[in-house]
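Right, one structure below, let's go through it.
Please treat every number below as a calculation from the coordinates, not as lab data. Predicted, not measured: the structure shown is a model, and the values here were computed from it. We place every Cβ from the backbone using ideal geometry, glycine too, and count neighbours over all the protein chains shown.
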Amino acid sequence: MTRKILFGAALLSAGLAAPAAAQHVSLEPFATYGFYGKLPGTNARLEGDWGVGGRAAVQLTPRWAVFGTAQRTTPQVLGQLPFGVVVSGGDVTVDHWSAGLEYSYFPRDAAEGMLPLSLSAGLGQARYEDGPTDLALNVGISGAIQLGPSLGLRYGLTDYVSRFDGDRGWMSQLFARIGAEISF
């Protein structure tokens, strides 16, 4: 709970520190598909799965923004999880959240209807149901198609890289997402 409060305070502070003319807020509910793979140091594998999430961003300058994102998936587990998690129906809940910076640039001199491509990087966590919570670095690329003055269709790829269960090994979980970006 304390982390969520600190994250919210940091996002609010950054938004208030930017000049009012540069501030631009966007909210994005999205659907995501995660590609998981084998869990390091175990005989378990998580199958790919659909999930849902949300993203909020505050644009500080024409090129830079701060963002926060959270998502949840319930992939099927093949094999035995190492941390004693009892899995009902073969599924485990996996949550990812992060906050970070996003850099935008305009390809092809901002062709008609194109929003900028965005490169993002942040820190957060990967949390497994009743199991470990690992620090995760995320890197991503996204783009959007503008549908109206304050509505866009945003799509992208995000990779969460983390150490699994402390020292078992590194893992990379890739997520493709698509969502409606609402700006104001």
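Under a 5 Å amide H cut-off, with hydrogens placed 1.01 Å from N, Thr93 pairs with Glu129 among residues at least 5 apart or on other chains. Under 5 Å from the amide H of Leu39 lie the amide H atoms of Ala44, Arg45, Leu46, each residue being 5 or more positions distant or on a separate chain, with H modelled from the backbone and absent for Pro and chain starts. What the phi angles of the stretch 55-70 give under the Karplus curve with 6.51, -1.76 and 1.60, with θ = phi - 60°, is a coupling list of 9, 10, 9, 10, 7, 8, 9, x, 10, 10, 9, 9, 9, x, 9, 9 Hz, glycine and proline written as x.
Fewest neighbouring Cβ atoms within 10 Å first, the residues Thr133, Thr74 line up as Thr133, Thr74. Determine the distance separating the Cα centre of the stretch 42-79 from the Cα centre of the stretch 115-184; give it in Å without decimals. Here the answer is 5 Å between Cα centres.
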